[in-house]
Amino acid sequence: MQERYSPNDVEKVSHQNWQARDAYRVTENATAADGSPKPKFYACSMLPYPSGKLHMGHVRNYTINDMMTRQLRMRGYNVLMPMGWDAFGMPAENAAIKSKVPPAQWTYDNIAYMKKQMQAMGLAIDWSREMCACDPKYYKWNQWLFLKMLEKGIAYRKTQVVNWDPVDQTVLANEQVIDGRGWRSGALVEKREIPGYYLRITDYAEELLEQVKNGLPGWPERVRLMQENWIGKSEGVRFAFTHDIRDDSGAPIQDGRMYVFTTRADTIMGVTFCAVAPEHPLAAHAAKSDPALAAFIEDCKHGGTTEAELATREKEGMRTGLSVTHPLTGDQVEVWVGNYVLMSYGDGAVMGVPAHDERDFAFAKKYGLPIRDVIAVPGKAYSADAWQDWYGDKQQGRTVNSGKYDGLAHAQAVDAIAADLREKGLGEKQTTWRLRDWGISRQRYWGTPIPIIHCPDCGPVPVPEKDLPVVLPEELIPDGSGNPLAKHEAFLSCSCPKCGAAARRETDTMDTFVDSSWYFMRYTSPGNDAAMVDERNDYWMPMDQYIGGIEHAVLHLLYARFWTRVMRDLGLVKFSEPFTRLLCQGMVLNHIYSRKNEHGGIEYFWPDEVENVYDAKGAIIGAKRIADGTPVQYGGIGTMSKSKNNGVDPQSLIDSLGADTARLFVMFASPPEQTLEWSDSGVEGANRYLRRLWAFCYANRDAILKGHGANPGLGGEDAAAKGLRLEIHTLLKQADYDYQRIQYNTVVSTCMKMLNALEAAGLPDTPAANWALAETTSILLRVLYPVVPHITWKLWQDLGYDTVHGDLLDAPWPAVDEAATIADEIELVLQVNGKLRGSIKVANSAGKEQIEAAAVAHDAAIRFLEGRAPKRVIVVPGKLVNIVG
């Protein structure tokens, strides 16, 4: 055993050993030494996008997974920890445009580098199960299941509204639209309707909602709420405003009915306007004779199409000059075009009730529209001067200014109004969903080809199953002028599977959420080219623990839940929910420093380039650049980002201080589900602890080696050894509890306390003391091993534990010796007349009378009683004694 801790040497020899014996390969139906089946546990981290390098968020996520895997393996579980690559997607195309290298080459190079980094971290990954989304052997099954969905009617084709860059001649994702312009060309983005494929996730809406509301106890409440809100079940009324607005042929547009949906039918008598989407037929009709309106509608087509963007966009509108008829009052209600109304949601029209809807209130104030209050709350006086939150209160509110409906509570009013609308044939109660069918068509190159062939005679024809996979050519280089597949004749040209005529392949590729909706099941069935999953999936799934960022709490998890149900209904799996427990780890934060440059842009500085300036209370109020002393603005702490120069390169940390230091710091600095603030001093402290651990083991190696073997028995003369065992086994009990609740920061804290106890023990060189030292050190190494596997594995070998307990990877988890946690003596607080006067030690087995006698005889009791006999003695078992005199 070398005297000083050298992380590079320790980690090198550890990796060599683990790799040589393929230590992390996992098989199904593993058995224990006695032949009994091991319980399975499947722990999986969300697969990374191969962007080039791991970041500290990756390190944290995978270390959490690794700790769980290693600890459960020691507890006798058959544990699976796989890894793969979410390798398709837009970043690879952007990189290809910039570097003029095919996305495939960029992706595979990044995968190779990131895999080396993961291996350097010592992660217990079964690499025999590695999958990659851009491997035809994987995406073949995306295509296969899509065709099965097409057969069942779950997949279908319809037109969709997309962001179109007229200069680059390509469709843009919402995140590529910046201030209404294409991210690359700067051209004003247009809205276009083009055909695409959709999956009927709405058919599963009720089941998805019911399970997320009443099941999934292992999920964080906030994630379940986010899913519930996204699915968005609403009970309300769909009804029509009638009209006699006719198209060029003289036919009433939409049969003379403009439908809306509302959850607040009780406010129907307060409607003062209606708003329609820019694409609504009434808007298009009005624009034909109104150039200003046509220009406004054209302007509305620029920008994103997501609800999030609409929520933050300034609400703008324009009159159409058209009116519709209120279904209950018969009043004429003017129709506006609103940039905040989506044609794809509901019927593309909304009723405007400014008095009781905050968005409508702001719109009405902006354009001078009437505000008519029809809901009153007892004790409150309505005013149209400014919005008050209680204006929208449907719990306390009662209808007013509503004729026959006056005085009704929300539910009563909705029922009465819905009944009248139904009697008129103009509406009825209806359940609507915020959730929309999943559009999977992407007009991008780097993705799973959609297996459709377009025949001039037969139309869209599915690719025969025997011809799968439709292989994506990997040598193409996007140049920003549209999808390169559309220009690649070798890919495009084919024959129609039905009639044999010359045909063209579909050039759209699948949304990358398809790739991540089932990859975790492919891990369970590696190497099977004949089936999407096999019986091995039945062994491992559902997954026991899923780990990933909160940013994936809605779409990825929702699509994975949907995809699993489709596989269930097709007979491929026997379960409905893929993830039993979910942990969303917090982000890694670091300080941000910046200043404006001479051109008005923002220049960011690395934390090690600046020196902080503090106020009198020690808070950072600014900074200055170390190189020249010039001032730099302090921007607080935020998520680590390359663009803000506040990231930390894990590889640099691994190279300088070792992977174990990085692992120890990210686990100790914060509970797994909370954000972690980076601290260079914290990293140094983690490394110091590991050096202390090594130094202690080196200094005590002879005593530990002598201590292996049977317990020689601890007598009364072995008080120090008993005290050490008491402390270590008590801490072990805490560590067991913290591992169970995934509070890994307190596991590390417990290990630090264990080392403190070992260092302070001062044991004599006796057989009993050496045995106690060997036992307690082995407990520390086993409890700490899942956090820092390299140094603990090497120390385990060097101290001879492998000959006693076997290799550390499969060494038995230490059991708490309950007898050791019972102290021979206990210390009780001593009070006289309720005031603290000292403490007494008594035998653990001492009865009440013995405790009272010891307390009264204590010097402090005699001194403060001043010769008086005690009136009574109060004993609180295990805590204190109070003498009342």
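Bridgeable lysines around residue 498 (alpha carbons under 29 Å apart, same-chain partners fewer than 8 residues away excluded): 137, 140, 148, 152, 158, 466, 487. Qualifying GluC sites (Glu not before Pro) in the range 461-496, where qualification requires a DSSP coil assignment and no more than 14 other C-beta atoms within 10 Å, comprise 474, 475. Normalised Debye scattering of the range 233-432 at q = 0.09, 0.17 Å⁻¹ gives log10 I(q)/I(0) of -0.33, -1.20, counting only Cα atoms as equal scatterers and leaving out solvent.
For the peptides 335-345, 506-516, 603-613, 624-634, the ranking by packing is 506-516, 335-345, 603-613, 624-634, with the highest mean count of neighbouring Cβ atoms within 10 Å listed first. All C-alpha pair distances within the range 497-579, sorted into 5 Å bins from zero, spread as 3, 13, 20, 21, 15, 11, 8, 5, 3, 1, 0 percent across the bins.
In whole percent, what relative contact order does the range 212-328 give with Cα contacts below 8 Å and a gap of six or more residues?
Values: 90 pairs, mean separation 28.3, N = 117.
Result for the range 212-328 is 24 percent.
Projected over every direction and averaged, the convex hull enclosing the alpha-carbon atoms of the range 1-158 yields 14.7 nm². Distances between placed amide hydrogens fall under 5 Å for residue 372 paired with 355, all partners being 5 or more residues away or on another chain.
Can you give the FRET efficiency for residue 874 and residue 711, using 1/(1 + (r/R0)^6), R0 = 45 Å, r = Cβ-Cβ distance, to the nearest 0.05? Spell out each step's value before the answer.
Values: r = 40 Å, r/R0 = 0.90.
Efficiency computed from Cβ-Cβ geometry: 0.65.
Taking amide H as placed 1.01 Å from N in the peptide plane, residue 454 has its amide H under 5 Å from the amide H of 461, 504, 505, 506, each at least 5 places away in sequence or on another chain. Taking 7 Å steps out from each Cα toward its Cβ at residue 765 and residue 595 produces label points 6.3 nm apart.
Using only alpha-carbon positions in the range 172-326, the gyration tensor eigenvalues give semi-axes of 33, 25, 15 Å once each is multiplied by 5 and square-rooted (largest first). Considering the range 825-884 at the alpha-carbon level, its Rg and Dmax are found to be 10.3, 30 Å. When 524, 325, 448 are sorted by how many other C-beta atoms sit within 10 angstrom of their C-beta, beginning with the fewest, the order is 325, 524, 448. By the Kirkwood approach, averaging reciprocal distances over each pair of separate Cα atoms, the chain gets a hydrodynamic radius of 32.9 Å. Ordered by the number of other Cβ atoms lying within 10 Å of each residue's own Cβ, fewest first, 410, 356 fall into the sequence 410, 356. The alpha-carbon atoms of the range 588-639 define a convex hull whose volume equals 83 cubic angstrom per residue.
Checking every one of the trypsin sites (Lys or Arg not before Pro) in the range 100-209 against DSSP loop status and a limit of 10 other Cβ atoms within 10 Å picks out 100.
Each reported figure results from applying straightforward, stated rules to the coordinates on display, with no laboratory input. Source: prediction; values computed, not measured. Ideal geometry is used to build each Cβ from the backbone, glycine not excepted, and the neighbour counts take in all protein chains shown.
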